[in-house]
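The values are calculated or read from the model by the stated rules, or taken from the named source; none is laboratory data. Note that the structure is a prediction, hence the values are computed from the model and not measured. Note: ideal-geometry Cβ built from the backbone for every residue, glycine included; neighbour counts use all protein chains shown. Protein only, heavy atoms only, side chains kept; ligands, DNA and RNA dropped before computing areas. Shrake-Rupley method; radii C 1.70, N 1.55, O 1.52, S 1.80 Å.
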Amino acid sequence: MTSNATSKKRILIYTVESTWSPCPQIRLIRPFAHLEDEWELIWGIQNGMLQTDAVESADLILLHRFTPGLLPISALEAIFRLGKPVVYESDDLLNEIPHDHPEAAAGASWKEGIEYTARRAKAIVVSTEFLAEKYRPLNPHVHVLPNYLDYDLFFRPVPAPLPDDTITIGLLGSSIQPSNFALVDKSLRTLCERYGSRLKIHFVGWECPKGWENHPNAIFQSFIHEYVDYAAQLKQWAWNIALIPLASDEYNQCKSYIKWLDYSAAGIASAFSDVSVYNQVVTHDQTGFLLPNDDQAWLDTITLLIESQEKRKAIAQAGQDEVRRDFDLRAKAALYNSVYSSLVDRPKTIIPAHPAAAATATAAAPAATTPTSDAIAMKKNILQLHYNEATRRSLDPGFIPLEVVGNPRPDWFEFWAIRDYFLNNDLNADEYYGFLSPQFHNKSGLQAHQVHAFMDSNPGADVYTFSPTMSDAACYLNVFEQGNRRHPELLPITIELMRAVGLEVDIQNLINNFRTTVYCNYVVAKPVFWEKWFAINERMFEIAEAGDSALARKLTEVTDYGKSTVQMKVFIMERIASLVLALMPELQIVNLQVGAMRIGNPLFYPCRDEMVMLDALKTAYSQSGDPAYLQRFRALRHEVLRRCDTEYFSEQATDFF
């Protein structure tokens, strides 16, 4: 007999969004929770890597929202070769984001991957018919699954009106995006003047609308990312009125009516721009208001809802009754079962492919720039190491190949080759030297011509860095804190090594920001940098090779590195570049912006704005010494790790020293 577990259909989901965030909850987790006897969801990105172990048992592969826009085309090609039907799922037009949207800059880089996926998918699943029409030119097989909600999660009884009670008007998310909020800005200012302290305007989003930051009637709070927490907060905010202004553009027309569902279930009277996304569900003057994008129309309607307690309650109650009757997910989950079951193929032979190696997310790389006369004079010796035929094939022809013949000391990784080069070559003080691993493109997303172009457009510095992995650079005070978390005991061994080297440095109070963080030795620099770097590493080499001390034994102890083991000395060695940059403020450093390279762990992508803030807080603390910046850094880091790091379980802000 086949067990119930093995008879379930399985969807392997590739998404960089956390499972507690709104879109996976609304579009995947909650619908399929009502189908748990028939379906199982498998999460295909873990610790920043694509997992393919579950492919054989999966019936479908689903690429969610902007995730394919973050993956290299090579990874997408590999996914399509896995021999399973692939579905692209989205509830937004993410390949055509308007210029003033908070995601506009990032969205430009998503377009290629999203459209590559959409064209090749067996089907596309979206939330509205308008959105379906936008995707059909890419793929005719588009299914519309409307958004529903778990009614009980959002339900709040419609409050009984109280005379002269304070009225709170709420605007959330895209409603305070500049082009949308402009539709109600004037009306709200007029109403604040008219009603004074009786009126409160509650903004929730990425940033407070301009000009309202210090307004006496305004309250602003950052967007709440956890879906369940958002539902609880929406009820606690006790909004009387919600406004959803939307400019008439194609992106907004493609949005779903999820805010009407949320607000109506929470007993809030709402007013919407009269666009297709809402006029298909809202009955004007009964379950909400549908308004032209006209100042007077918004002013008159909001005034009516403020002045008439009866109208406010009637709108809220009618909307709530309709959502409970017609949009409760429990009653609609069968639609999901029908659509996704129709996409399941009969078993096929799986073509072996392993996209995991290319799974790191990528962003747009810097464009080439016309070099200046100073740049033309720059002499760059950028070498790329290779050890065997496999690594030779990965070389970029724009770099100088450096063969490590026989790879005689693999325990030292690239340090052995760099050391050999320094011992056998005279360095010119005005030339630049770099030693890149065969994995440089795979880790950074950069090619040689982009490295050269970046240096040529920023001539004259002492050091150029090309260090990817935004989360590792942002979320730790320095590279040694990050290393101590990943490789316990790295910090005390480093401190002991610094004493042996004769270097006085307070590792625990050292600050590395985006400018001074270097992983993998992805640095091109003049000898003024390399001489200091080599002196520290050469002393470590002497101690480790002598093997006659407790420190030598600690340096040569093995520590985990993915599926292999590596001696501790290697992880200290690759952090010495960051140490040198932090200790030599006189160096002129130019770093390629970390956002222009692959982000590293894509699970951190939703927090990229917060990671920029973390870097700014570190920099401010370093310059001022004010502990308030450090306290804020630790609090924000705690939130970022709690949201994005699947291995972080601390209930309170902590450090890793």
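Just a few scattered comments:
- In a fully extended conformation the segment linking Glu213 and Ser338 would gain 40.2 nm over its present Cα-Cα distance, using 0.36 nm per residue.
- Which labelled figure in (i) 81, 58, 42; (ii) 116, 86, 47; (iii) 86, 65, 51 is Cα extents along the principal axes in Å, once derived from the coordinates: (iii)
- Residues of type aspartates and glutamates that Lys8 reaches as a straight line, Cα spacing below 20 Å, ignoring anything fewer than 8 places off in the same chain: Glu36, Asp37, Glu38, Glu40, Asp53, Glu56, Asp59, Asp345
- Pair Lys379, Ser457: separation of 7 Å Cα→Cβ label points (nm): 2.7 nm
- Computed extension gain for Asp548 through Arg642, at 0.36 nm per residue and net of the alpha carbon distance, reaches 29.5 nm.
- Candidate cross-link partners of Lys526 among the aspartates and glutamates, defined by an alpha-carbon separation under 19 Å and a same-chain spacing of 8 or more, comprise Asp374, Glu414, Asp420, Asp426, Asp430, Glu431, Asp456, Asp462, Glu538, Glu574, Glu586.
- 1.4 Å probe accessible area per residue over the chain, in Å²: 42 Å²
- Stretch gain in nm, segment Glu489-Asn279, where the contour uses 0.36 nm per residue and the Cα spacing is subtracted: 69.5 nm
- In the chain, the portion of solvent-accessible area held by carbon and sulfur atoms comes to 50 percent [1.4 Å probe, whole percent, DNA, RNA and ligands not counted].
- Pairs of Cα atoms farther than 18 Å apart, segment 397-495, %: 65 percent
- Amide N proximity, segment 263-294 versus Glu310 label position 7 Å along Cα-to-Cβ, cut-off under 16 Å: 286
- Proximal lysines relative to Lys443, as straight alpha-carbon distance under 22 Å, when same-chain residues fewer than 8 apart are discounted: Lys111, Lys380, Lys563, Lys569
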